[in-house]
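**Student:** Here it is: the structure, laid out below.
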Amino acid sequence: MGRLVMKFGGTSVANLDRIRNVALHVKREVDAGHDVAVVVSAMAGKTNELVEWCRDASPMHDAREYDAVVASGEQVTSGLLAIALQAIGVQARSWQGWQIPIRTSDAHASARILEIDGGELISRFKDRKEVAVIAGFQGISPQTGRITTLGRGGSDTSAVAIAAAIHADRCDIYTDVDGVYTTDPRVVPKARRLEKIAFEDMLELASQGAKVLQVRSVELGMVYNMPIFVRSSFDKPEDIDPHGTPPGTLICSEEEIMENHVVTGIAFSKDEAQISVRQIEDKPGVAASIFGPLADANINVDMIVQNVSEDGKTTDLTFTVPASDYGRARDTINSAKGKIGYARLDSATDVAKVSVIGSGMRSHAGVAAKAFGALAARNINIRAITTSEIKFSVLIDAAYTELAVRTLHTLYGLDQV
Ligand code: ADP
Ligand code: ASP
Ligand code: MG
């Protein structure tokens, strides 16, 4: 007997049939004797629709009201799943974030979980054998007393945080793929499923664009050493042996991983924009005059490259920002033009960042160099590069994303044989 969190994403609860299928998965674990807390997302596409409605209502809407609207998708699926469970004889009750409560910061639309009281859920496992069906993605801010949401993809984070709060043995993330792959299997059919992946590698994959898990959920998994198991919700519930090992990927600490490849996986993101500030006088303080105002505006700068301008005397500074901050970033630089003193601002939004990740890079030299040659052979121009201990990223034209990912996937021996 153990205690489990089972999280189901949007495609897994997309309609009533799928919700009934989820109920059978939950029943299987309950019948096996486990205490179960379920975390659900909104139906696939629902959150996008709600976000759109807020934008249509007013482009400059109040973040507290945005949260009130977008949190509603999970309210519906948690109630429906509790009904579906009761209908097949499983004792179940739905919970909204504020009812548990899941206390978060007051950063509406991207709140962080501060504290969860798991006491009531645990006593209901003991006293009533009751399954808790929890609305993912949402919480409550003690400061504002209002509903908050955790940023897109946030139900993963709800699930891992709940797992820690109720001292679960494992957090199962059921989704529309049967695990974490060496890269997005929808883009590279030759991608290989990983049996295990270290928290650190998964953290990089998620931060660099693999949306299979929200970054914060992996951080929490690492902090609480909570094993996270990514698996498919499309397997037939009756075909699964609750005591066997189903296909999936375990995210765990590095020590538990025997095989160590230099490269673990490749991630990519098209949500990038490049800005080049041309012909700046090359003197101390210039970088501060550009990046200071961007930091003040809460804009995250990622890659940075400095090189000599075409006139051979001044310097160019190129950097990337999230595509959603592109307009604001340009406005911020434009307003600081007097202080910075540049000739021209160039920018591009049709760019993509491709990142190669592997904790094995720590002990291997020349891993990135190989990639530059392979991309050049495909005529893919690199606009910027960044490296860290366990990853490197290149910025390229978005049109070449798939080609670049496939090329690197083969280069590092990740293709399925
Ligand atoms: P859910 O709605 O269940 O939360 P998401 O759509 O958020 O599911 O995440 C699952 C998707 O993540 C998959 O359908 C897949 O296309 C994508 N994905 C991106 N990178 C990877 C990867 N390395 N391994 C597995 N899936 C990935
Ligand atoms: N429904 C939310 C979203 O689409 C949260 C989640 O699915 O994890 O972002
Ligand atoms: Mg998701």
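**Student:** Sort out for me the Cα centre separation of segment 62-139 from segment 329-386, rounded to whole Å.
**Tutor:** Result: 41 Å between the Cα centres.
**Student:** How long is the gain from His261 to Arg170 if the chain were fully straight, where each residue apart is worth 0.36 nm and the alpha carbon distance is subtracted?
**Tutor:** 30.2 nm
**Student:** Determine the share of segment 326-366's accessible area contributed by carbon and sulfur atoms, expressed in whole percent, with a 1.4 angstrom probe.
**Tutor:** 47 percent
**Student:** Can you tell me the relative contact order of segment 347-394? Whole percent, Cα pairs under 8 Å, sequence separation 6 or more.
**Tutor:** Here the relative contact order equals 53 percent.
**Student:** Follow-up. As a test, work out the antiparallel percent of DSSP beta bridges whose residues both lie in segment 85-175, rounded to the nearest 5.
**Tutor:** Around 55 percent of the beta bridges assigned by DSSP in segment 85-175 are antiparallel ones.
**Student:** Still on this structure, please answer the following. Compute the FRET efficiency between Arg64 and Arg152 as 1/(1 + (r/R0)^6), taking r as their Cβ-Cβ distance and R0 = 22 Å, and round to the nearest 0.05.
**Tutor:** 0.80
**Student:** Follow-up. Computing the accessible area with a 1.4 Å probe over protein heavy atoms, can you report the carbon and sulfur percentage for segment 125-183?
**Tutor:** 45 percent
**Student:** Where only protein heavy atoms count, and the probe is 1.4 Å, what is the accessible area per residue for segment 342-417 in Å²?
**Tutor:** On a per-residue basis, 45 Å².
**Student:** While we're here: Can you check what the Kirkwood hydrodynamic radius comes to for the chain, Cα pairs only, in Å to one decimal?
**Tutor:** This gives a value of 23.0 Å.
**Student:** Next question. Per 0.36 nm of contour for each residue apart, how much would the distance between Lys313 and Ala87 grow if the chain were fully extended, relative to their Cα-Cα spacing?
**Tutor:** The Lys313-Ala87 span can extend by a further 73.8 nm.
**Student:** Determine the per residue accessible area of segment 206-327 with all protein chains present and a 1.4 angstrom probe, expressed in square angstrom.
**Tutor:** Here the residues of segment 206-327 average 50 Å² of exposed surface.
**Student:** Among 332-345, 7-20, what's the highest-first ranking by average C-beta atoms within 10 angstrom per residue?
**Tutor:** 7-20, 332-345
**Student:** Determine the share of segment 200-278's accessible area contributed by carbon and sulfur atoms, expressed in whole percent, with a 1.4 angstrom probe.
**Tutor:** Taking all protein chains in place, segment 200-278 shows 51 percent carbon and sulfur surface.
**Student:** Treat every Asp and Glu Cβ in the chain as -1 and every Lys and Arg Cβ as +1, leave all other atoms uncharged, and give the resulting dipole magnitude about the Cα centre to the nearest 20 debye.
**Tutor:** It works out to roughly 260 debye.
**Student:** Oh, and also: Determine, for each peptide in 131-141, 174-184, 316-326, the mean count of other beta carbons within 10 angstrom over its residues, then list the peptides with the highest first.
**Tutor:** So the peptides 131-141, 174-184, 316-326, ranked by packing, come out 131-141, 174-184, 316-326.
**Student:** Now for a different question. Pairs of Cα atoms under 8 Å, at least six residues apart: use those to get the relative contact order of the chain, whole percent.
**Tutor:** Dividing the mean separation by the residue count of the chain yields 14 percent.
**Student:** Okay, next question. Hydropathy first: keep DSSP H helices in the chain averaging at least 0.0 on Kyte-Doolittle, then drop any whose Cα extent along the axis falls short of 18 Å, and list what survives.
**Tutor:** Sorted by number, the helices that extend far enough and score high enough are 72-87.
**Student:** Determine the per residue accessible area of segment 1-99 with all protein chains present and a 1.4 angstrom probe, expressed in square angstrom.
**Tutor:** 45 Å²
The values are calculated or read from the model by the stated rules, or taken from the named source; none is laboratory data. Note that the structure is a prediction, hence the values are computed from the model and not measured. Heads up, the Cβs are rebuilt from the backbone with ideal geometry, glycines too, and the neighbour counts pull from every protein chain shown. Side chains are part of the model used for accessible areas, which takes the heavy atoms of the whole protein and leaves out ligands, DNA and RNA. Shrake-Rupley method; radii C 1.70, N 1.55, O 1.52, S 1.80 Å.
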